[in-house]
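Okay, structure first, notes after.
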Amino acid sequence: LFLLPSRVMLLRATRRASMRGFFSRGLAVSAAQAATGTGGRRKMSALELISKRRRGERITMVTAYDYPSALHCDLAGIDVVLVGDSCGMVELGYENTQPVTMDEMLHHAKAVCRGAKHPLVVADLPFGTYEISSEQAQEAAYRFVKEAGADCVKMEGGRIRAKTAKKVVDGGVAVMGHIGLTPQHISVLGGFRAQGRTAKKAR
């Protein structure tokens with residue numbers, strides 16, 4: 001068995017970190033976190049993202065659908081992890097995102113939250129769970145927070161969803177807007193067509 005030098009160094013660092021963790025049980029840092037230098041990170045929040053933007057710092061965001069992917073994102077120091085309803089196409093074999101159910105999204109969101117301890121975890125509200133009323137959206141958002149452990153929810157649409165987003169935020173759950181490519185609206189748009197290409201349309 002031959003290992004690349006970088007792999008050997010990582011294994012050695014992990015072994016040393018594991019021994020440090022064995023002798024320092026009071027530190028809530030795993031061997032992998034100590035080896036990758038991510039052990040001292042704080043949990044990302046919406047306010048911290050705003051602060052990073054004001055400071056001109058780059059914000060990193062990655063989509064994950066399962067525990068292993070989320071864990072890699074956590075160890076890599078990613079700021080935001082999205083549990084997208086695109087898992088319906090990527091993981092479940094659907095032709096588009098419209099058939100994805102709340103229970104399916106909760107299943108994936110739970111797995112991601114177990115792996116992503118430091119990033120802000122954003123969960124996609126699936127098609128049909130927030131369009132009927134603001135109360136419906138609020139209920140779905142609460143399920144993501146209470147049952148899966150998500151930090152934020154995402155919903156498609158711009159101005160048309162403003163009142164709904166405000167209702168959810170007023171209820172205590174952060175909301176991420178979604179303009180551009182809106183897969184849930186393929187029935188109206190006639191396919192996958194990007195929206196909001198100009199500043200005027202983005203409003």
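The values are calculated or read from the model by the stated rules, or taken from the named source; none is laboratory data. Since this is a predicted model, take the numbers as computed values, not measurements. When we count neighbours, we look across all protein chains shown, and the Cβ atoms used for this are built from the backbone with ideal geometry, even at glycine. Just the protein is used for accessible areas: all its heavy atoms, side chains included, with ligands, DNA and RNA removed. Shrake-Rupley method; radii C 1.70, N 1.55, O 1.52, S 1.80 Å.
Comparison of 115, 128, 93 shows that the only residue that is at pLDDT 95 or above and on the phi > 0 side of the Ramachandran plot is 93.
Against the test of being loosely packed, with under 13 Cβ neighbours inside 10 Å and at pLDDT 80 or above, the options 45, 51 yield a single qualifying residue, 51.
Can you spot a residue in the stretch 124-131 that is polar (S, T, N, Q), open to solvent by less than 30 Å² (accessible area, probe 1.4 Å) and either in contact with a helix residue (DSSP H, G or I) (Cβ under 7 Å, 6 or more places away or on another chain) or under 29 Å from residue 160 (Cα atoms) (or both)? Yes - at least one qualifying residue is present in the stretch 124-131. Residue pairs whose Cβ atoms lie under 6 Å apart, sitting 6 or more positions apart in sequence or on different chains, and linking a residue in the stretch 42-54 that is assigned to a loop (DSSP other than H, G, I, E, B) to a partner that is hydrophobic (A, V, I, L, M, F, W, C), are 44/120.
Among the residues of the stretch 98-112, is there at least one that is open to solvent by less than 30 Å² (accessible area, probe 1.4 Å) and more than 17 Å from residue 149 (Cα to Cα)?
So in the stretch 98-112, the residues open to solvent by less than 30 Å² (accessible area, probe 1.4 Å) come out as 100, 102, 105-106, 108-109, 111-112.
Keeping just the survivors that are more than 17 Å from residue 149 (Cα to Cα) gives 100.
Within the stretch 98-112, one or more residues are open to solvent by less than 30 Å² (accessible area, probe 1.4 Å) and more than 17 Å from residue 149 (Cα to Cα).
Scanning the stretch 55-84 for residues that are part of a helix (DSSP H, G or I) and either open to solvent by 30 Å² or more (accessible area, probe 1.4 Å) or under 16 Å from residue 152 (Cα atoms) (or both) turns up 67, 68, 69, 70, 71, 72, 75, 76.
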